[in-house]
Amino acid sequence: MYDSIIIGAGLAGLTAAEELASAGHSVVVLEARARVGGRLENAELSNGQVVELGGQWVGEGHEELRSLLSSQGLELVDSTDGDVVVKARGRVSHVTSLSEPSAHSLSPFELADLGQGLLRFRRLADRVANNKGWAAANATWLNQSLSQWTASNVRTEAGRGYITNLFRQAFGVSANDTPLFNGLAKANAGVDLESLVAVNGGLKQQRVKGGVAQVTRNLAEPLGDDLKLSSPVRSVHSDDDGVTVTTTDGTQYQGRSVIVTVPPRLLKDMTFEPALPAERLEMADKVPAGNVIKAYLVYDSPWWRTSGASGQMGADEGAVRVIFDTSDDETGKGILMGFFEGAEASGYGKLSIGLRQRAFEEVVESAFGKAPSSPIEYLDRDWLAEPYTGGCHGAHFAPSLWTTTGPILAEPLGRVLFAGAEYASSFNGYMEGALRAAARAAQEVLDLL
């Protein structure tokens, strides 16, 4: 009998296994796929260069992830400097890099303050656009300057400095001389400021050289025969004495506990005895996974840099609305990564890979100009089509849903415990959240034992 059976060999499952094994406890990890990593997946281009088909960004405050990367000797790579291309209402503009002041240099408290300020600004812009009566009644208040509004709504000096610079760079206006109403109108006419900050690398600035999926491969290696690939789980039976987990081929595993790390919606694909509480299944239904196709275009060189562009783009329409430069300077190849998301992902997922490539090329050339030559390679991953993932990036929590009912997803049910990015109380949906949820679940196992 194992001390713990872990369902899923993604970042959370393998981290929990490593923590329990390090504490001297026996574990077995059951993975439905023929590989480890879950939503972390590396792929190789024809020249052997690695690209990441799944999660990749390491942001500020991701302390557990950074510590893990450091312990494995993995190196972080910064995003490319240069202008950000913004496409809004059919117009293309270049925004100078927002590196002064830099969101990357903000403390976690300052970064949270900036995020709250941007959220307030977006909500106010929506209110002005959707409630003309309210806007007319508050015309005098809306005539205050952007700098006055910023002073009242952004608490930290660094946060105020960043958002003031953002107004200047994105809107082309002085915060001291521009009425709040005009700034809100500009926000409603183009890409929202939160997206611009994210695209510009302020919140998601670094990636792992060689791909973050190296982390899960390194975690899996010590498990040896205690890692069972191609072993989808069919049922989980638990009682006061222990748990029995049965895979689809009928193999049974006995344990004192089980940690389930599959995304919430996939819980319905397994049978639990006793059954999961109705509110748990209802909550799982309310958090559908995102619909994303992650795609790469590979060129002979990063030709967009010759015009001063960073290769980063944000748009309010089109097949691909976010693009990043993920070129590897060692090979000299130019690599652009983009996302087909939502309705676009649903539509393009039904088309051939050649048509998706052409759609991506058209977006690239509309943003950066005519490419000097055709791409030499294209590849993508449709995560909605992955049966053991059911979508990416992570589960979508509607506003206030996590704070009101989300925590019930992670509550232990006797000897059945839960971990993963969607079960995290902080950094929910991120790799950092998966690590923190894994540490919590591992401690819950230790408490049971």
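The values are calculated or read from the model by the stated rules, or taken from the named source; none is laboratory data. Quick caveat, the model's predicted, so the values are computed rather than measured. In this analysis, Cβ positions are derived from the backbone assuming ideal geometry, glycine residues included, and neighbour counts consider all displayed protein chains. Surface areas here come from the heavy atoms of the whole protein model, side chains and all, with no ligands, DNA or RNA. Shrake-Rupley method; radii C 1.70, N 1.55, O 1.52, S 1.80 Å.
Work out, step by step, the length gained on full extension between SER346 and LEU446: first 0.36 nm times the residue separation, then minus their alpha carbon distance; give nm to one decimal.
On the way: separation 100, 0.36 × 100 = 36.00 nm, distance 4.27 nm.
Extra length available between SER346 and LEU446 comes to 31.7 nm.
Accessible surface of HIS393, taken over heavy atoms with a 1.4 Å probe and every protein chain present, rounds to 100 Å². Candidates ILE7, SER238, ILE163 compared by Cα position along the dipole of the chain: farthest toward the positive end lies ILE163, with charges placed on Cβ.
Between the residues LEU267, LEU384, SER374, the greatest Cα displacement towards the positive end of the dipole of the chain, with unit charges on the Cβ of Lys, Arg, Asp and Glu, is found for SER374.
Once the Cβ-Cβ distance of ASP225 and ASP285 is raised to the sixth power relative to R0 = 30 Å, the FRET efficiency obtained is 0.25.
Think of it as helices only: each DSSP H run of n ≥ 4 in the chain is worth -39500 (n - 2.57), and spread over all residues that comes to -10000 deg cm²/dmol at 222 nm. For the chain, a crude dipole built from +1 on the beta carbon of Lys and Arg and -1 on the beta carbon of Asp and Glu, taken about the Cα centre, is about 1480 debye to the nearest 20. Eigen-decomposition of the gyration tensor built on the alpha-carbon atoms of the stretch 277-433 gives equivalent ellipsoid semi-axes of 37, 16, 14 angstrom, largest listed first. Build a GNM of the chain with springs between Cα atoms under 10 Å apart, and of LYS132, LYS209, LYS286 the one that fluctuates most is LYS132.
Note on the chain: dipole from Cβ charges, positive end direction compared against GLY37, GLY210, GLY334; the farthest Cα belongs to GLY334. Placing dummy labels 7 Å off each Cα toward the beta-carbon, the span from ALA34 to GLN116 is 5.1 nm. Once you place label points 7 Å from the Cα toward the Cβ at SER373 and VAL77, how far apart are they in nm? Inter-label distance under the simple model: 2.0 nm.
Considering only VAL51, VAL416, VAL92, the mean-square fluctuation computed in a Gaussian network model of the chain, springs between alpha carbons under 10 angstrom, is largest for VAL92. Orientation-averaged projection of the chain equals 22.8 nm² [convex hull of Cα atoms, one quarter of hull surface area]. Using a Förster distance of 41 angstrom, determine the FRET efficiency expected from the C-beta separation of SER235 and ARG155, and round it to 0.05. E(calc), rounded to 0.05, equals 0.20.
Just the protein heavy atoms count here, and of the accessible area of the chain at 1.4 Å, carbon and sulfur take up 48 percent.
Over the chain, what is the mean sequence separation of C-alpha contacts under 8 Å (at least six apart), divided by residue count, expressed as relative contact order in percent? Could you put the intermediate results ahead of the total?
Details: 876 pairs, mean separation 101.3, N = 449.
Answer for the chain is 23 percent.
In straight-distance terms, cross-link reach from LYS333 covers every one of the aspartates and glutamates whose alpha-carbon lies under 14 Å from its own, apart from those fewer than eight places away in the same chain; here that gives GLU44, ASP300, ASP325, GLU377.
GNM on the chain, alpha-carbon springs under 10 angstrom: the most fluctuating residue among GLU52, GLU341, GLU75 is GLU75.
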